[in-house]
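Working notes, beginning with the structure itself.
The values are calculated or read from the model by the stated rules, or taken from the named source; none is laboratory data. These numbers were taken from a predicted model, which means no experiment stands behind them. In this analysis, Cβ positions are derived from the backbone assuming ideal geometry, glycine residues included, and neighbour counts consider all displayed protein chains.
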């Protein structure tokens, strides 16, 4: 009886949470996705500068020695960013829709979107005075309220754990490759 309850609980989690369902999807499903969809996700990964995320995952990983850490970073330096996007596009296409990829790529190419990406990877600690509020230009406030952006932003945020996991898997594959 316990096993039946555990099996039903596991199936209910998979059916409720699309991130779990997408993570268990067979690789053949990625091949079934349209090339336009995978291309849209590829473009989004480029706009997000995901190669920097891969370096962040490598920095947070544990290594047996400092030499091994340096070897991994040397391999990452030799991989072109487009190769990272290509290798992550198909797995991420399972959890990011083509519409979301298109909308968020458009957003990340706006001046404010470029600033968001820059701050994500390049900013240090920032100090704000008590009661101070960040200044957001009116056109950006309007942008953030667009229904397509709100929905795409939520879907992309929900896909972030999968992106981190896929980046870690890719890092392991790169580490095993001889370069």
Flag for residue 114 being over 21 Å from residue 43 (Cβ atoms) and assigned to a helix (DSSP H, G or I): no
Residue among 143, 103, 139 that is over 25 Å from residue 58 (Cβ atoms), surrounded by 13 or more Cβ atoms within 10 Å (Cβ to Cβ) and modelled with pLDDT under 90: 143
Verdict on residue 84 being at pLDDT 90 or above, under 15 Å from residue 172 (Cα atoms) and crowded, with 20+ Cβ neighbours inside 10 Å: yes
Any pair with Cβ under 6 angstrom, 6 or more apart, that starts in the range 150-179 at a residue that is on the phi < 0 side of the Ramachandran plot and in contact (Cβ under 8 Å) with a residue 24 or more places away in the chain and ends at one that is outside any helix (DSSP H, G or I) and surrounded by 14 or more Cβ atoms within 10 Å (Cβ to Cβ): 159/95; 159/96; 162/95
Pair list, Cβ < 9 Å and 6+ apart or interchain, from the range 56-68 residues that are farther than 14 Å from residue 168 by Cβ to residues that are surrounded by 10 or more Cβ atoms within 10 Å (Cβ to Cβ): 68/175
Residues (loosely packed, with under 14 Cβ neighbours inside 10 Å and assigned to a helix (DSSP H, G or I)) located in the range 57-70: 59, 60, 66, 67, 68, 70
Every residue from the range 71-88 that is assigned to a helix (DSSP H, G or I) and in contact with a helix residue (DSSP H, G or I) (Cβ under 7 Å, 6 or more places away or on another chain): 72, 73, 75, 76, 81, 84, 85, 86, 87, 88
